[in-house]
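Down below is the structure, laid out as structure tokens.
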Amino acid sequence: MLKAIIIDDEHRAQRVLKNLIEGFCEGIEVVATCDTLVDGVLNINKYEPDVVFCDIEMPQHTGLELLSFFKDVNFELIFATGYSEYAIQAFEMSAIDYLLKPIQLEKLETAIEKVKAKKDAESMKERLETLRQNFQGEVITKVALPVMEGLLFVEVAKISLLEADGSYTNVWFTDGTKLLISKKLKFFEELLSNNPQFYRIHRSSIVNLNEIVQYSKKDGLITLENKKITKIAREKKGDFEQKVAAIKL
């Protein structure tokens, strides 16, 4: 039986989430509900839960500060939030689960099943730090990529090119190395949509404009700093040339 703790300064939100968990989710028990982050920390130390559901915006402390109270983290953290679409991008780039308010039962069940399947608490602090960095800026600056060993945290600026490979994406880095990631290119396109550094040059590729060293207008070939060569779609040339007009190639 999984043990859960809810941290939210709104009592109604506490009750709704607790009722959903206890009424519809098997194999999980709410052992405490808390109004403040400090109260949540005390109950986490007392009950040693498997998962903590935490609101982000609360008086005195934010949910982003929770893990700073712990040296070792042995629980999964799931945020309940009413944040905007950009904030959701920050969550997904950081590999931290979240529930949008008002909470949907199907989403809650999916989040709990993830906790049951595998707890990755060892990387929880790093994931939260990535999330904090992404919240501070106007664009996503760091991403947690799912790899065989767990998660790889990389600076977005170090990504040179993204290439579709079926249901996967080849992520090319500025040093010339690449990783095959189990996410579709559409996933990266949506999460980088507010970052002008990245541009979709083809239905199967997204390029980091800052990494371009040469563009051949005649054949539509782009050479990157890492020596990787990729091709731009014919219908994209006009818009692309406007975007790179100020870049010295």
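Output the pairs from Lys71/Lys184; Lys116/Lys183; Lys3/Lys178 with a Cα-Cα distance over 30 Å in this structure; if there are none, say none. As for pairs spanning more than 30 Å Cα to Cα, those are Lys71/Lys184; Lys3/Lys178.
Taking 0.36 nm per residue of sequence separation and removing the Cα-Cα distance, the Glu48/Lys101 pair yields an extension gain of 16.5 nm. Karplus-derived 3J(HN,Hα) values for the stretch 179-184, using 6.51 cos²θ - 1.76 cosθ + 1.60 with θ = phi - 60°, are 10, 8, 10, 7, 9, 6 Hz; glycine and proline are entered as x. The modelled label-to-label distance between Val154 and Glu225, using points 7 Å beyond Cα along the C-beta direction, is 1.4 nm. Ordering His61, His11 by the number of other Cβ atoms within 10 Å of each residue's own Cβ, fewest first, gives His11, His61. Straight-line cross-link partners of Lys237 among the aspartates and glutamates, defined as a Cα under 13 Å from its Cα and at least 8 positions apart when in the same chain: Asp219. The value of relative contact order for the stretch 155-243, using C-alpha pairs under 8 Å at least six residues apart, is 23 percent. The packing ranking of peptides 222-230, 21-29, highest mean first, is 222-230, 21-29, where packing means the average number of other beta carbon atoms within 10 angstrom of each residue. Site pair Phe24 and Arg203 shows an inter-label distance of 3.8 nm when each label is modelled 7 Å from Cα along Cα→Cβ. A cut-off of 5 Å between modelled amide H atoms, ignoring neighbours fewer than 5 places along the same chain, links Leu77 with Val52. Scalar couplings 3J(HN,Hα) for the stretch 193-199, obtained by applying the Karplus form with A = 6.51, B = -1.76, C = 1.60 to θ = phi - 60°, are 4, 9, 9, x, 5, 10, 9 Hz; x denotes Gly and Pro. Scanning residues 5 or more positions from Ile28 or on other chains, those with amide H under 5 Å from its amide H are Leu2, with H placed 1.01 Å from N in the peptide plane.
We did not get these values from a lab; they are worked out from the coordinates using the rules stated. If you're wondering where the values come from, they're calculated on a predicted model, not measured in any experiment. Note that we place each Cβ from the backbone using ideal geometry, even for glycine, and neighbour counts take in every protein chain shown.
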